[in-house]
Amino acid sequence: TQLLEQSPQFLSIQEGENLTVYCNSSSVFSSLQWYRQEPGEGPVLLVTVVTGGEVKKLKRLTFQFGDARKDSSLHITAAQPGDTGLYLCAAYTSGTYKYIFGTGTRLKVLA
Amino acid sequence: NAGVTQTPKFQVLKTGQSMTLQCAQDMNHNSMYWYRQDPGMGLRLIYYSASEGTTDKGEVPNGYNVSRLNKREFSLRLESAAPSQTSVYFCASRESGTGITGELFFGEGSRLTVL
């Protein structure tokens, strides 16, 4: 059973467009992370959010943790070809040492 | 600069064969993880080791065994490989004491095909 559902599964957009990726669950988590993975490599951490309602910005990427700490979103402004990759959300429950990953969103930004 | 190292990077097995995926980290991390990645499924946790001497099942442990050989090494064994175990396997580690903000550091993956 996949506890974290991401949408959309695939996204192909033109350079300069904006997009939002969603990560949803029925469970409450202690923290939520977003990773990006490029072909042939392992995922790399982008950001961690821990407080309900928290918003973090990383250049053109904006991450938000839902008020109830059950969901999160990733918004990219003016997407560039370098943003192409697989975006994964991951949830952590305090005391378990377990990280559960979402189903992933594969983004392709066309020049 | 090694980080997390996985071997082998590629392997082809026949149904019923056994093999072990090796993982080693040089960051002195306490926790280590094995995930498998399949299209449309993201990463699914197979087993993890919170610290040396302990191992626990994740979401999809059936058909796998693990050994935490020492603090650096965490191996994943397939005793009798099945086509359903065709996947890309990732090992990851996490620094102790980082609490709920701890970052996972991944290896480059091991691509396994079972015929």
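The values are calculated or read from the model by the stated rules, or taken from the named source; none is laboratory data. Predicted model only: the values in this text are computed from it and were never measured. FYI the Cβ positions are ideal-geometry reconstructions off the backbone, even for glycines, and counts take in every protein chain you see. Ligands, DNA and RNA are excluded from the accessible area calculation, which covers all protein heavy atoms including side chains. Shrake-Rupley method; radii C 1.70, N 1.55, O 1.52, S 1.80 Å.
Observations
- Largest GNM mean-square fluctuation across A:G53, A:G42, A:G85, computed for chain A with C-alpha springs under 10 Å, falls on A:G42.
- Ligands, DNA and RNA are left out, and with a 1.4 angstrom probe the accessible area of chain A is 46 Å² per residue.
- The stretch A:42-84 versus the stretch A:17-40: alpha-carbon centroid distance in Å: 7 Å
- Entries in A:K59/B:K71; A:K56/B:K57; B:K9/B:K71; A:K57/B:K9; A:K57/A:K98; A:K59/B:K57 that, when Cα-Cα distance is taken, lie over 28 Å: A:K59/B:K71; A:K56/B:K57; A:K57/B:K9; A:K59/B:K57
- The phi torsions of the stretch A:67-83, fed into the Karplus equation with coefficients 6.51, -1.76 and 1.60 and a -60° offset, translate into couplings of 4, 8, 6, 10, 8, 8, 9, 10, 10, 10, 9, 6, 4, 10, x, x, 7 Hz, rounded to whole numbers, with Gly and Pro shown as x.
- Coil-residue GluC sites (Glu not before Pro) of the stretch B:28-102, DSSP, other Cβ within 10 Å capped at 12: B:E79
- Comparing B:M19, B:M27, B:M41 in a Gaussian network model of chain B where C-alpha atoms under 10 Å apart are linked, the largest mean-square fluctuation is found at B:M41.
- Surface accessible to a 1.4 Å probe, per residue, for the residues of the stretch B:25-115, Å²: 42 Å²
- Residues in the stretch A:41-77 that, when all protein chains are in place, have 50 Å² or more less accessible area than the chain alone would give (probe 1.4 Å): A:P43
- Mean per-residue shielding of peptide A:94-106 is 6, counting Cβ atoms of other chains within 10 Å of each Cβ.
- For chain B, the fraction of 1.4 Å probe accessible surface lying on carbon and sulfur atoms is 48 percent.
- Heavy-atom accessible surface that A and B bury in contact, both chains counted, 1.4 Å, Å² to 100: 2000 Å²
- Drop in accessible area of at least 10 Å² in the complex versus isolated chain, residues of the stretch A:9-40, 1.4 Å probe: A:Q9, A:S30, A:S31, A:Q33, A:Y35, A:Q37, A:G40
- Charge dipole (chain A, unit charges on Cβ, about Cα centre) - positive-most of A:L107, A:V44, A:S94: A:S94
- This model, with +1 at the C-beta of Lys and Arg and -1 at the C-beta of Asp and Glu, gives the stretch A:1-60 a dipole about its Cα centre of some 240 debye.
- Using Cβ point charges alone (K and R +1, D and E -1), the dipole size of chain A about the Cα centre works out to roughly 180 debye.
- For the stretch A:1-105, applying the loop criterion from DSSP together with a ceiling of 13 other beta carbons within 10 Å to the trypsin sites (Lys or Arg not before Pro) yields A:K59, A:R60.
- If only the Cβ of Lys and Arg carry +1 and only the Cβ of Asp and Glu carry -1, the dipole of the protein assembly as shown around its Cα centre is close to 200 debye.
- Karplus-derived HN-Hα couplings along the stretch A:47-61 (A = 6.51, B = -1.76, C = 1.60, θ = phi - 60°), whole Hz, x at Gly and Pro: 7, 10, 10, 10, 10, x, x, 5, 10, 10, 10, 10, 6, 8, 9
- Of the GluC sites (Glu not before Pro) found in the stretch A:6-95, the ones in coil according to DSSP and having at most 16 other Cβ atoms within 10 Å of their Cβ are A:E15, A:E17, A:E41.
- Counting Cβ atoms of other protein chains within 10 Å of each Cβ in B:54-67 and taking the mean gives 1.
- Whole-Hz ³J(HN,Hα) from phi, Karplus 6.51 cos²θ - 1.76 cosθ + 1.60, for the stretch B:51-56, glycine and proline x: 7, 4, x, 10, 9, 9
- Peptide A:84-92 has a mean shielding of 2, counted as Cβ atoms of other protein chains within 10 Å of each residue's Cβ.
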